Structure formats: structure tokens, C-alpha cells
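The values are calculated or read from the model by the stated rules, or taken from the named source; none is laboratory data. Keep in mind that what you see is a predicted model, and the values were worked out from it rather than measured. With ideal geometry, Cβ positions are generated from the backbone for all residues, glycine too; neighbour counts draw on all protein chains shown. The accessibility values were calculated without ligands, DNA or RNA, using every heavy atom of the protein model including side chains. Shrake-Rupley method; radii C 1.70, N 1.55, O 1.52, S 1.80 Å.
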Amino acid sequence: MKPIRILDGGMSRELIRLGAELRQPEWSALALMEAPDVVRRVHEEFIVAGADVITTNSYALVPFHIGEERFRAEGRRLIALAGRLARAAADSAKDRKVLVAGSLPPIFGSYEPHLFRPERVQNYLGVLVEELTPYVDLWLGETLSLVAEAEAVRQAVASTGKPFWISFTLDDGPVTEPNPAALRSGELLADAARWVAGSGAQALLFNCSRPEVMQAAVEEASEVLGALSVSLDIGVYANAFASDEQGAANETLHSVRDDLSADRYSRFACGWVKSGASIIGGCCGVGASHIRCVASRLNRRENDSYSRLAE
């Protein structure tokens, strides 16, 4: 069994918990403008909780959230600030090495594959990569809804020499024989996994979807990679969004489930590990308490712990 690496959790709700204001459309970018000290505190709390990898708070630093004019005027400064805050928090860890992942989001909006513009995407990804490069250990293209978004990330980071991970967000509907696992674009998960296998990425992850759909995704990805004789880390960081809410990613602050306790989330995590995942964290609504519980459970090294804890 591969060693387990623990990712951090979702930034936005932890910012709120620690007193920062969030509003749309700026979302978590607002804290970089008004309360950067709270951003660093969130990073530090995830490290204390057990995270081996923390992610820069650069997800919302795109025109979709902060607007084109502000991106041009302040984007570089805010992106560099996000990198510095994460690097400082990681370097302050005393008991172990903590890595910084540079968040590269879907440039034209989360869950909005139809808005993707290949002729424009590098204009924005290039700025993120240039400003984050001095501070990060690896790249994390995350919440990607289609393979073309992942290919854009691959191209954007190619010249940096740093490893990159690709994380897709999944259709949250039930996975059945006539309805195989798919990305939010409708592209099949199996095809996305085959693309990642040949892309040079070091890991294939799934994020910002319900915990309930993740185990099937891990199992299918493991099967596809195994058939290709490709050894990649597989990871999961699910969200805690209430499933009955609608609306674009920058229109409202979605509520989170009240049934997804830290204990329950950690039991999902044990199931993902049992199915082949070796990178585990949390996305929107999954906080430091969840990550602490996950790290505690997954750091138990008894041979049968994962199967027993997942029951």
C-alpha cells in the first residue's frame, strides 16, 4: 500500500469561521484583499490538523470572480500574496516537511465547461503560473470539468519543471451500468483517466463532488491505470455542499450538509483508501476538524485498519 498523503480542506468556510468576511463574486479572494492574516491562519490550522500539502488561496483570483479590470490591475499582486502566505505557513511547520500546491482553477468558472475558451485560457493561466512559481512545490489543476481544461494546465506549467496533479470534478448523479462515471462536461471518467495517464501528471484526483460518488471513481480510475500499466497516485477531496442547491459558482455562498460530520467524512476517506486512493483531503465545507479526523484514522498503520474503519 502506498503511503498516504493528507491534503488540506476547503478554504472559504474556514475563513468565515476565523472571522473573515466572504461575499460573492469575490469569494475567498476577498480575504486576500481585506484579511490576509486570516488566510495564513487557515493554512496553519490545516497543517496542525495533519495536512502534508496545503493549497494556495488562488482559486478565485480569476476574472470570473474578481472581474477583468481588477485582475489586470491587482491580479499579479494578489496571486503572489497567496503564494507567499502558503509558503510561509508551510515553512513554519516544525515537525515535518509540508508542501505547497499552486491552485490552478478552471479559468472561466467552476462547473462551467461550456464557457471554456482555449484561445484565451493561457492569458490567465500564464499569470497564475508566473506569480506562483517562486512559492510552490507542485501544481494542482483542480475542479476541472473537461479534459481540455486539464490540457491547458499541462501546457501552462510545462516550462516550470515542477510536478503537476490533475483533479477533475464529477457528475454527482448515480453511477449505473447505462450511466458510467463522467466529468461535469459529460466526458467519461475512463477517457479522462487515459488522458492523465499519458500527460506526465504525477497524480489523478477527484474533487468538489459528493463523497458518495468518489469511491466508484477511484475504483474505475485504478482499473484504467492498471490496464495501461501506469502507476499514478489517485486522490480524493470531496465537498460538503447541500445537494439540492442550484446556481453558478459566483452567485451565492452555498450551504453545506449537516450530516457530514468529521467522523463520517473520515469513514468515507477510509473507503477511498481501501479502493486505491493515496492522497486524501477535503474541498468546500470540509474543514480543519474533518482533516484532523481523517489524518488520525489514516495514520493508523494496522494492516486491517482501513477495512475495519470503513465499515
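Can you list the helices (runs of 4 or more DSSP H) found entirely within the stretch 251-309 that contain at least 1 residues being at pLDDT 95 or above?
Once the helices (runs of 4 or more DSSP H) in the stretch 251-309 are filtered for at least 1 residues that are at pLDDT 95 or above, what remains is 262-274, 288-298.
Among the numbered criteria (1) open to solvent by 10 Å² or more (accessible area, probe 1.4 Å); (2) touching a helix residue (DSSP H, G or I) at 6+ places or on another chain (Cβ under 8 Å); (3) part of a helix (DSSP H, G or I); (4) closer than 25 Å to residue 125 by Cα, which one does residue 224 miss?
(4)
Which one of the conditions (1) open to solvent by 10 Å² or more (accessible area, probe 1.4 Å); (2) touching a helix residue (DSSP H, G or I) at 6+ places or on another chain (Cβ under 6 Å); (3) in a helix (DSSP H, G or I); (4) of a type outside the set (Ser, Thr, Tyr) does residue 86 fail to meet, given that it meets all the rest?
For residue 86, the failing item is (1).
List pairs: first in the stretch 1-27 and of a type in the set (S, T, N, Q), second in a loop (DSSP other than H, G, I, E, B), Cβ under 7 Å, 6+ apart or cross-chain?
Going by the 7 Å Cβ cut-off, the qualifying pairs are 12/22; 12/27; 12/28; 12/284; 24/250; 24/251; 24/252; 24/253.
Within the set of pairs 6 or more residues apart or between chains, which connect a residue that is closer than 14 Å to residue 53 by Cβ inside the stretch 127-139 to a residue that is open to solvent by 10 Å² or more (accessible area, probe 1.4 Å) and among the aromatic types (Phe, Trp, Tyr) with Cβ atoms less than 7 Å apart?
What qualifies is 138/164; 139/164.
I'd like the residue in the stretch 89-114 that is among the polar types (S, T, N, Q) and either under 22 Å from residue 210 (Cα atoms) or open to solvent by 60 Å² or more (accessible area, probe 1.4 Å) (or both) and, out of all such residues, is farthest from the chain's Cα centre (by Cα).
Checked the stretch 89-114; the qualifying residue farthest from the chain's Cα centre (by Cα) is 110.
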